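Below is one structure; the comments refer to it alone.
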Amino acid sequence: MIARHWRGWTKPQNADTYETLLKTQVLPGLTKIAGYRGGFVLRDNAADEVEFVVINLFDSVEAVRAFAGPDYTIAIFEPEARRLLSRIETTAHHYEVRASTASFSSG
């Protein structure tokens, strides 16, 4: 299993809107990709900006490529998401999951 890790930051006034976009559009859209196994949205509120960490799980690098394209290290954004983000990591990091006590469903 591959974990795709990415971070982005919003202004506090955009954080709830961005989180809603992730939960209602981005993550559900990923479920249509063969080999997608779920994901996490992590949020850290600070006074001047809000950091989001998004971790998506895929069966393989090939499944990641089905989502992100041949150069799968490039960060992928919905146009609306890009407008809400004030700062971004331009690349995503990928890790082989070596151990987990988590249980995931396909839905």
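Annotations for the structure displayed:
- Whichever residue in the stretch 57-99 is assigned to a strand (DSSP E or B) and among the hydroxyl-bearing types (Ser, Thr, Tyr) and, among such residues, is surrounded by the most Cβ atoms within 10 Å (Cβ to Cβ): SER86
- Among the residues making up the stretch 55-107, a single one is touching a Gly at 6+ places or on another chain (Cβ under 6 Å), among the aromatic types (Phe, Trp, Tyr) and at pLDDT 95 or above: PHE58.
- Scanning the stretch 21-40 for residues that are surrounded by 12 or more Cβ atoms within 10 Å (Cβ to Cβ) and of a type in the set (Lys, Arg) turns up just one, ARG37.
- Boolean, PHE52 is among the aromatic types (Phe, Trp, Tyr), modelled with pLDDT of 95 or more and out of contact with any Phe, Trp or Tyr (no Cβ under 6 Å at 6 or more places or on another chain): yes
- Residues (in contact (Cβ under 8 Å) with a residue 24 or more places away in the chain, under 14 Å from TYR95 (Cα atoms) and not charged (D, E, K, R)) located in the stretch 21-69: VAL54, ILE55, ASN56, LEU57, PHE58, SER60, VAL61, ALA63, VAL64
- Scope the stretch 7-20; condition of a type outside the set (Val, Ile, Thr), in a helix (DSSP H, G or I) and either touching a residue at least 12 places away in the same chain (Cβ under 8 Å) or loosely packed, with under 12 Cβ neighbours inside 10 Å (or both); matching residues: PRO12, GLN13, ASN14, ALA15, TYR18, GLU19
- Of the listed requirements (1) surrounded by 11 or more Cβ atoms within 10 Å (Cβ to Cβ); (2) at pLDDT 95 or above, ASN45 misses just one: (1).
The values are calculated or read from the model by the stated rules, or taken from the named source; none is laboratory data. Everything numeric here is computed off the predicted structure, so don't read it as measured data. Heads up, the Cβs are rebuilt from the backbone with ideal geometry, glycines too, and the neighbour counts pull from every protein chain shown.
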